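Chemist: Structure provided below as structure tokens; questions to follow.
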Amino acid sequence: SGASYFTGNIISQIRDDDGAYLAVSSRGNFFLTWEPGNDFWIPHNRGTPRRIQNMGFVEGDINKGVWMTLNGGKLFICYSEPDLKADTFDFKEANIKTGGYGLTDVAWRNKDEVWAVGGSNTMYVSTDGGRNFSFDKSANDIPGNLYNVKFFKEFGNKGFALGSNGLLLKYVG
């Protein structure tokens, strides 16, 4: 009896507005989902040889899809409501050229505008719902890494990116 594929700790978890959860294993080899009414968390394969870095919901809603960043700066997005009972989701690779810099977070400002942030203060923006990204040089001259990006609908879609050494960038449009 060998070690189970589905062992380890959870490194991140996120909740959507309706109470659905998504969690990533510490080894990045699988993820878990849970939604109200489930008796237990459901494990899912990552569907790629690269390790999962982070995951989240498309537009903050599991019913609109799920995104996943992988080692080496890859971004995969499932653009439809995922079948939470399926082993894998229908992820499509986004067209994003990171040069190998890791992506740490992704956020939808609206249904079309998507932002991704990562190592060496890299920022990327998509204006087609996350299918194609271009490099944004706003943080080029700032040393460090960006770890989170978030937009707040309740405050007129104000956006912020959080980075190393207390760096806080504000979206100004």
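The values are calculated or read from the model by the stated rules, or taken from the named source; none is laboratory data. Keep in mind that this is a model prediction, so the values were computed, not measured. Here the Cβ is made from the backbone with ideal geometry for all residues, glycine too, and neighbour counts use every protein chain on show. Ligands, DNA and RNA are stripped out before the accessible areas are found, and what is left, the full protein with its side chains, is counted by its heavy atoms. Shrake-Rupley method; radii C 1.70, N 1.55, O 1.52, S 1.80 Å.
Chemist: Which whole-angstrom value gives the distance between the alpha carbon centres of the range 98-131 and the range 28-72?
Modeler: So the separation of the two Cα centres works out to 17 Å.
Chemist: For residue 165 and residue 83 in one chain, what is 0.36 nm times their gap in residues minus the Cα-Cα distance, to one decimal in nm?
Modeler: Net length gain for the segment: 25.6 nm.
Chemist: I need to check one value: relative contact order of the range 107-167, counting alpha carbon pairs closer than 8 Å and at least 6 residues apart, in percent.
Modeler: RCO, the range 107-167: 29 percent.
Chemist: Residue 154 accessible area, nearest 10 Å², 1.4 Å probe?
Modeler: Spelled out: residue 154, probe radius 1.4 Å, area about 130 Å².
Chemist: Here's a follow-up. Along the Cα→Cβ direction, 7 angstrom out, place labels at residue 90 and residue 29. What is the inter-label distance in nm?
Modeler: In this crude label model, residue 90 to residue 29 measures out at 2.9 nm.
Chemist: Same structure, new question: Run through the range 42-115 and list the trypsin sites (Lys or Arg not before Pro) located in a DSSP loop whose Cβ has at most 13 other Cβ atoms within 10 Å.
Modeler: Hits after loop and neighbour filter: 85, 97, 111.
Chemist: Report the normalised scattering of the range 23-148 as log10 I(q)/I(0) at q = 0.09, 0.10, 0.11, 0.18 Å⁻¹, calculated by the Debye formula with identical scatterers on the alpha carbons.
Modeler: -0.24, -0.30, -0.36, -0.93
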